[in-house]
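S.K.: Just dropping this structure here.
Values quoted throughout were computed directly from the atomic coordinates according to the rules given, and no laboratory measurement underlies them. Computed from a predicted structure; not experimentally measured. Reconstructed Cβ throughout: ideal geometry from the backbone, glycine too, with neighbour counts over all protein chains shown.
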Amino acid sequence: CSSTRGNIEHAHLRAVVNVRPMQLHHPEPFSARWRAHWIWHEPPAITTETATRAVLADPRDTVALLRRRVELTSVPAEAPCRIWADGRYVLRVNGTEVARGPVRSDPRRAHYDVVDLAPHLRLGTNVLAVTARHFGTATSWWAPVPPSYTLGAGSVVLEACLGDRWVVTDHEWVCRPGSAWTPVPVPGDVACLPLESFDAREHPHGWELPAFDDSSWPPVVEITPLHTGAHGDPAPPSEPFGMLAPPVR
């Protein structure tokens, strides 16, 4: 019995030693450095308790509607797109939902999502539309990050390779607050699902479609990541999120 037990333990040790951690790689054509800038529908609502400790000035449930027109003279065979949001997002192309996320994770080790936009693109005018939600306070399904001087109060970053051009989140996007949603206090229940209070009368129906008139919508706010020791690079990697990790799905 002693000899058999020893053989089993030795085999288990070999198996453990031979285990290799899963390696995630940035899929082509992406890398750790992004081209896109952080955007939101309003300036970051962040203040400071001390010279080095930033806190949310108004930690509330907020929804943003972010929209970008794209003119295409040809539709690429593939149009890889990656996206991440500080909270939750729904990405639509010409009115069709193509992605929803991001994957739940530690906000300091967050994973972005990747989706191919090509099947949903067409000649002429296209619209990328992002509905983004920042919960403001911790919930049973979402953990906030300790904010920097400018990030941690809601933000979105997206970039897509459409043939020979890149479309990224920047000042060319337009936005408006999701006024149809009223903030709802989140119960402290572990099993509580996300709650929404939505007034359809206040919603700009059809805003995800190319024919929608967005001429009155203001441009988004580009967020420059600032923290102690920051160098002002507008694109990720950025504190407090660090490097956004490759997708896991």
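S.K.: Please name whichever of P183, G152, P240 sits farthest to the positive end of the charge dipole of the chain, dipole taken about the Cα centre and charges placed at Cβ: Lys and Arg +1, Asp and Glu -1.
M.R.: Towards the positive end, the residue furthest out is P240.
S.K.: Can you tell me what percent of all Cα-Cα pairs in segment 88-216 are more than 27 Å apart? Walk me through the numbers before you get to the answer.
M.R.: Values: 2208 of 8256 pairs.
Summing the P(r) tail past 27 Å for segment 88-216 gives 27 percent.
S.K.: Something else: At what distance in nm do the modelled label points of T228 and R100 sit from each other, each positioned 7 Å from its Cα along Cα→Cβ?
M.R.: So the two model labels end up 4.1 nm from each other.
S.K.: With +1 on each Lys and Arg Cβ and -1 on each Asp and Glu Cβ, and nothing else charged, work out how big the dipole of the chain is about its Cα centre, in Debye to the nearest 20. Working shown, then result.
M.R.: On the way: 23 positive and 27 negative charges, 159 e Å.
Roughly 760 debye, rounded to the nearest 20.
S.K.: Let me have the relative contact order for segment 127-167, percent, based on Cα pairs under 8 Å that are six or more residues apart. It would help to have the intermediate numbers written out before the result.
M.R.: Details: 20 pairs, mean separation 10.8, N = 41.
Reported as a whole number, the value is 26 percent.
S.K.: Something else: Please identify which residues in segment 101-124 have an amide N closer than 14 Å to a label point set 7 Å out from the Cα of A77, following the Cα→Cβ vector.
M.R.: What the label zone holds, given the 14 Å backbone N cut-off, is 118-119.
S.K.: Considering Cα pairs under 8 angstrom that are at least six residues apart, work out the relative contact order of segment 145-249 and quote it in whole percent. If you can, show how the numbers build up before the last one.
M.R.: Working: 104 pairs, mean separation 34.3, N = 105.
Value for segment 145-249: 33 percent.
S.K.: What is the extension gain from D213 to V184, computed as 0.36 nm multiplied by their sequence separation minus the C-alpha to C-alpha distance, in nm to one decimal?
M.R.: Contour length minus the Cα-Cα distance gives 7.4 nm.
S.K.: Another question, then. Hey, what did the chain get for relative contact order, percent, Cα under 8 Å, at least 6 apart?
M.R.: Details: 541 pairs, mean separation 73.9, N = 249.
This gives 30 percent for the chain.
S.K.: Using only Cα atoms, what Kirkwood radius does segment 154-249 have, in angstroms?
M.R.: Details: mean 1/r = 0.0579 Å⁻¹.
Hydrodynamic radius (Kirkwood, Cα only) of segment 154-249 equals 17.3 Å.
S.K.: Grab the DSSP H runs of the chain that are 4 residues or longer, score each as -39,500 (n - 2.57), total them, divide by all residues and round the 222 nm result to the nearest 500 deg cm²/dmol.
M.R.: Values: 1 runs with 17 residues, N = 249.
Computed mean residue ellipticity for the chain: -2500 deg cm²/dmol.
S.K.: What number do you get for the chain when its Cα radius of gyration is normalised by 2.2 N^0.38 Å, N = residues?
M.R.: This ratio for the chain stands at 1.19.
S.K.: Taking only the Cα atoms of segment 34-95, how large is their convex hull per residue, in Å³? If you can, show how the numbers build up before the last one.
M.R.: Working: hull volume 8.5 nm³, N = 62.
Cα-based convex hull of segment 34-95, divided per residue, equals 137 Å³.
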